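The values are calculated or read from the model by the stated rules, or taken from the named source; none is laboratory data. In this text, all values refer to a predicted model and were calculated from it rather than measured experimentally. Positions of Cβ are backbone-derived with ideal geometry, glycine not excepted, and every protein chain shown enters the neighbour counts. Protein only, heavy atoms only, side chains kept; ligands, DNA and RNA dropped before computing areas. Shrake-Rupley method; radii C 1.70, N 1.55, O 1.52, S 1.80 Å.
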Amino acid sequence: MQTSLDTAIEYLKGIGPQRAEVLKKELQIYTCADLINFFPFRYEDRSKFYNISDLSEEMPYVQLKGKIIATQIVESKVKRFTAILKDDTGTVELVWFQGIKYIKSLLKQGNDYVVFGKPNRFKNKYSIPHPDIEPLIDFDSDNKQTLRGVYHSSEKLSAKGLNSKGIQKIIATVIDEALNGIEEYYDITFLANYNLPDIKQAYKNIHFPANEEWMRKAIYRLKFDELFFLQLQLLKYKIATTKKLKGILFEKIADNFNNFYNNYLPFELTNAQKKVLKEIRKDTSTGMHMNRLLQGDVGSGKTVVALLSMLMAIDNGYQACLMAPTEILAAQHYHTIKNLINDMPVNIRLLTGSTRQSERREIHYELQTGYLNIIIGTHALLEEDVKFCNLGIACIDEQHRFGVQQRAKLWKKNSPPPHILVMTATPIPRTLAMTFYGDLDLSVIDELPPGRKPIKTLHFFENSRARVLGFIKEQIKTGRQIYVVYPLIEESETLDLLALEQGYEALQRTFPLPDYAISIVHGKLNADAKEYEMQRFVKGETQIMVATTVIEVGVNVPNASVMIIENAERFGLSQLHQLRGRVGRGAEQSYCILMTGDKLSKDARLRINTLCKTNDGFEIAEVDLKLRGPGDLMGTQQSGMLDLKLADLSKDASLIALTRNAAADIINNDPDLILPQHQKIKIQLQKMIKNRPNLGRIS
Ligand code: ADP
Ligand code: MG
């Protein structure tokens with residue numbers, strides 16, 4: 001039978017029903033196409049042999065050739081199987097803790113073997129745990145190729161002869177016939193422009209690289225394709241939704257906007273704020289539907305941009321909402337905005353989880369009749385019974401706390417859907433944003449309001465606490481206020497709360513009443529108590545605010561000039577940056593003090609040093625991405641949807657940008673891929689979408 005890409009694996013040469021079963025179960029390989037799309041995860045250079053006497057611990061993987069002179073099963077605490085390999089220069093111990101039966105049956109004392117693994121030193125002797133091993137005769141017969149792909153396998157697969165080498169063997173059997181079914185989908189110019197090898201060569205060389213250069217070329221080509229089709233799909237989706245969706249038209253800029261801008265706006269907008277407002281104005285005045293992500297560092301002034309956008313809606317007879325992730329933040333937005341527009345004829349209310357039932361009913365009523373112009377709240381706004389008369393724009397603060405579904409719920413609050421402005425203070429590296437928010441347009445406020453002094457960030461170990469306390473005292477004397485933040489994570493909640501309590505009490509002793517007062521806020525307090533403590537600090541009645549990360553987002557107290565972060569090594573980088581953003585909001589020099597224990601892991605040290613070195617949120621985001629990977633940044637669920645095989649969103653930034661542009665070049669001229677030269681790409685895209693049904697659900 002002729003092998004094609006669609007051939008089910010049980011019908012491929014050398015596989016059969018039993019092996020097919022494990023391949024399906026363990027690797028989700030169902031067809032020949034799946035098989036040749038199962039790529040090596042690394043390559044081994046099998047051209048070099050080392051002498052046993054030259055082994056050292058610094059060596060990465062090494063290849064040895066020698067005779068097995070002894071084997072033994074050791075029945076101690078951990079059962080293991082050992083074999084001694086000898087060459088002309090010495091001996092080394094090989095050790096297996098798993099698959100003992102299998103390996104024991106494979107090894108014959110007195111025979112020659114090729115061994116590949118990583119040497120470890122143990123009590124002055126070298127040993128190699130779980131090496132790859134094969135009889136020298138086999139090795140010689142198939143050693144035409146020096147770079148060998150290594151495939152992920154499992155115990156179950158190995159038991160059926162499908163270890164890395166076994167997998168490679170079956171791929172070798174089918175690859176040539178399979179490649180007959182693959183046709184190049186890029187034209188010559190495209191291949192030349194992006195310096196890509198032909199697709200068949202790429203597949204051949206990713207499995208069986210002719211040399212190192214070809215290995216790189218092959219990986220590059222297939223990685224390029226992976227990202228290119230992803231971007232193509234995202235852009236197509238974006239164009240389809242913006243074309244399909246008629247947006248609400250904000251025809252005019254009128255009384256409210258102008259009145260506020262001319263009479264109540266307490267400062268001149270920064271150029272960056274003006275630029276973003278223009279972008280929003282452009283979106284909303286052309287009849288298209290706005291779906292925009294506004295990135296701006298903490299303190300860059302996103303709130304007033306949201307307010308001005310909401311006033312645009314009101315001027316055109318529509319309602320507006322602003323949703324925040326916590327009650328504190330929602331309340332803060334409410335107070336800020338209410339103060340700003342106090343004397344204007346705009347009706348505004350706050351709705352959160354702790355809004356009383358009677359008040360809630362009033363709000364529902366006022367929203368439905370259209371009496372309320374602006375509603376500010378938490379996810380309470382998403383509830384079924386919150387209905388609008390005519391919602392024109394929904395602003396969402398701090399996107400990373402809200403899921404995609406929640407955004408969709410807001411969409412449904414009006415038909416046509418309201419314009420969406422998502423604001424985030426966690427800068428996301430642009431390439432990542434392009435991918436995860438592929439359907440959103442991006443705006444960036446890349447400039448802080450004038451007169452801000454950059455925050456000074458300092459790192460102190462526990463033994464400098466007295467100095468830090470002295471510094472707090474000085475700052476309070478000059479009228480400033482201080483935050484002291486403690487980590488609080490679920491796993492160690494009790495201990496964390498205890499540390500917070502103890503810290504609070506220690507501070508009370510150093511800063512006693514009646515000269516000083518201290519607020520305390522954490523998640524265990526009820527909303528009223530939180531609000532009360534917050535307000536005391538906001539009003540300046542307390543000088544110190546001891547808190548957990550509930551204050552992370554948005555809280556704005558310009559007089560607070562010192563942020564002390566306890567156990568800073570336990571916080572993530574972007575979280576530290578967020579916390580730091582709570583200070584530096586007034587005209588005074590502000591400080592962020594990172595307190596840590598003496599022992600810091602390498603990553604923790606990098607986080608602390610990065611924070612001390614820079615205030616640039618995007619730079620910090622890049623480091624964070626490298627440290628944590630995209631999954632942690634975006635939520636594993638979202639990154640899982642992408643399911644990339646070769647590309648790594650945290651490492652392939654420039655390739656993401658390149659493929660984004662390549663895809664845009666095509667989509668901008670030919671959004672439905674109808675031009676003859678794009679037919680093959682279109683077919684390939686459909687294949688990719690079929691194989692990756694999640695793609696459509698991103699963003
Ligand atoms: P964020 O982007 O973190 O949400 P905010 O909107 O809370 O920032 O703004 C931070 C502070 O900066 C607020 O006190 C706000 O009034 C002030 N602010 C915003 N824009 C300007 C500006 N153009 N000039 C001066 N101060 C500004
Ligand atoms: Mg904000």
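Apolar share of the accessible surface for the chain: 50 percent from carbon plus sulfur atoms, 1.4 Å probe. Annotation: amide H of ILE520 within the under-5 Å range of VAL546, sequence separation 5 or more or interchain, hydrogens built in the peptide plane.
Seen from a random direction on average, the alpha-carbon convex hull of segment 557-623 projects onto 4.4 square nanometres.
Once the Cα-Cα distance is subtracted from the 0.36 nm per residue extended length, the LEU525 to LEU513 segment shows a gain of 2.1 nm. Of the GluC sites (Glu not before Pro) found in segment 291-383, the ones in coil according to DSSP and having at most 15 other Cβ atoms within 10 Å of their Cβ are GLU383. Surface calculation, 1.4 Å probe, protein heavy atoms: CYS389 sits at approximately 70 Å² accessible.
Under 5 Å from the amide H of CYS395 lie the amide H atoms of CYS321, LEU322, MET323, LEU421, each residue being 5 or more positions distant or on a separate chain, with H modelled from the backbone and absent for Pro and chain starts. Between ASN342 and VAL74, the simple label model (points 7 Å from Cα in the Cβ direction) yields a spacing of 7.8 nm.
Amide H contacts for LEU488 (H built 1.01 Å from N in the peptide plane; partners 5 or more residues away or on another chain; cut-off under 5 Å): THR549.
Over 22 Å between Cα atoms, which of LYS236/LYS680; LYS65/LYS165; LYS25/LYS204 qualify? Table pairs above 22 Å Cα-Cα are LYS25/LYS204.
Heavy-atom accessible area, probed at 1.4 angstrom with all protein chains present, ranks TRP96, TRP214 as TRP214, TRP96, highest first. Based on every Cα atom in segment 162-281, Rg and the maximum pairwise Cα distance Dmax equal 26.3, 78 Å. Determine how large the accessible area of SER53 is when every protein chain is in place; take a 1.4 Å probe and give Å² rounded to the nearest 10. Surface accessible to solvent at SER53 totals approximately 70 Å².
Where in segment 330-394 are there trypsin sites (Lys or Arg not before Pro) that are in a DSSP coil and have at most 14 other Cβ atoms within 10 angstrom of their Cβ? Walk me through the numbers on the way to the answer.
Working: sites: LYS338, ARG349, ARG356, ARG360, ARG361, LYS387; in loops: ARG356, LYS387.
Here the trypsin sites (Lys or Arg not before Pro) that fit, given the DSSP loop and packing criteria, are ARG356, LYS387.
With distances taken between every two different alpha-carbon atoms, segment 178-243 has a Kirkwood hydrodynamic radius of 13.0 Å.
How much accessible area per residue does segment 266-306 have, counting only protein heavy atoms and a probe of 1.4 Å, in square angstrom? Show your work: numbers first, answer last.
Details: 1450 Å² over 41 residues.
In whole numbers, segment 266-306 has 35 Å² accessible per residue.
The alpha carbons of the chain occupy a box of 93, 69, 43 Å along the principal axes, longest dimension given first. For the chain, the share of DSSP beta bridges that are antiparallel, to the nearest 5, is 40%.
Under a point-charge model restricted to the Cβ atoms of Lys and Arg (+1) and Asp and Glu (-1), what is the dipole moment magnitude of the chain relative to its Cα centre, in debye to the nearest 20? Walk me through the numbers before you get to the answer.
Details: 90 positive and 82 negative charges, 111 e Å.
Charge dipole of the chain: 540 debye, to the nearest 20.
Taking all protein chains as shown and a probe of 1.4 angstrom, HIS335 keeps an accessible surface of around 80 Å². What is the diffusion coefficient of segment 65-133 in µm²/s, taking the Kirkwood radius over Cα pairs and the Stokes-Einstein relation at 10 °C with a viscosity of 1.306 mPa s? Diffusion coefficient, whole number: 131 µm²/s.
How many percent of the alpha carbon pairs in segment 79-170 exceed a separation of 16 Å? The partial results should precede the final answer.
Details: 2505 of 4186 pairs.
Roughly 60 percent, once rounded to a whole number.
Could you state the per residue volume, in Å³, of the convex hull enclosing the Cα atoms of segment 1-155? Numbers along the way, then the final one.
Details: hull volume 22.5 nm³, N = 155.
In segment 1-155, the Cα hull volume divided by residue count equals 145 Å³.
For segment 19-102, state the semi-axes of the equivalent ellipsoid (square roots of 5 times the eigenvalues of the alpha-carbon gyration tensor), sorted largest first and rounded to whole angstrom. Intermediate values should be presented prior to the final figure.
On the way: eigenvalues 210, 88, 24 Å².
The answer is 32, 21, 11 Å, longest axis first.
Based on alpha-carbon atoms, the Kirkwood radius and the radius of gyration of segment 487-543 give Rg/Rh equal to 1.01.
Name the trypsin sites (Lys or Arg not before Pro) in segment 507-540 that are in a loop by DSSP and that have at most 14 other C-beta atoms within 10 Å, would you?
LYS524, LYS539
What size of dipole, in debye to the nearest 20, comes out for segment 441-536 about its Cα centre when the only charges are +1 on Lys and Arg C-beta atoms and -1 on Asp and Glu C-beta atoms?
Details: 12 positive and 15 negative charges, 158 e Å.
Rounded to the nearest 20 debye, it is 760 debye.
All C-alpha to C-alpha distances of segment 111-237, sorted into 5 Å bins beginning at zero, yield P(r) values of 2, 8, 13, 17, 17, 13, 11, 8, 6, 3, 2, 1, 0 percent in whole numbers. Taking only the alpha carbons of segment 215-291, we obtain Rg and Dmax values of 20.3, 65 Å in that order.
The C-alpha atoms of segment 478-576 occupy a region whose extents along the principal axes are 36, 27, 27 Å, arranged from largest to smallest.
Can you compute the helix-only [θ] at 222 nm over the chain? Use -39500 (n - 2.57) per DSSP H run of at least 4 residues, normalise by all residues, nearest 500 deg cm²/dmol. Mind dumping the intermediate values first?
Values: 25 runs with 293 residues, N = 699.
Result for the chain: -13000 deg cm²/dmol, rounded to the nearest 500.
Cα centroid separation, segment 163-211 to segment 325-392: 58 Å. Compared with the direct C-alpha span, the chain from ASP45 to ALA408 gains 125.6 nm at full extension, assuming 0.36 nm per residue.
Here the simple spin-label model places points 7 Å from the Cα toward Cβ, and for HIS130 and ARG605 these points are separated by 2.9 nm.
So if we plug the beta-carbon distance of GLN679 and LEU245 into 1/(1 + (r/R0)^6) with R0 = 41 Å, what FRET efficiency do we get, rounded to 0.05? Each step should come with its number before you reach the end.
Details: r = 28 Å, r/R0 = 0.68.
E between GLN679 and LEU245, to the nearest 0.05, is 0.90.
Couplings 3J(HN,Hα) for segment 6-12, derived from phi with the Karplus relation 6.51 cos²θ - 1.76 cosθ + 1.60 (θ = phi - 60°), are 7, 4, 5, 4, 5, 9, 7 Hz, where x marks Gly and Pro.
For segment 334-413, give the magnitude of the charge dipole about the Cα centre (Cβ charges: +1 Lys/Arg, -1 Asp/Glu; no others), in debye to the nearest 20. If you can, show how the numbers build up before the last one.
Numbers: 11 positive and 9 negative charges, 40 e Å.
Value, rounded to 20: 200 debye.
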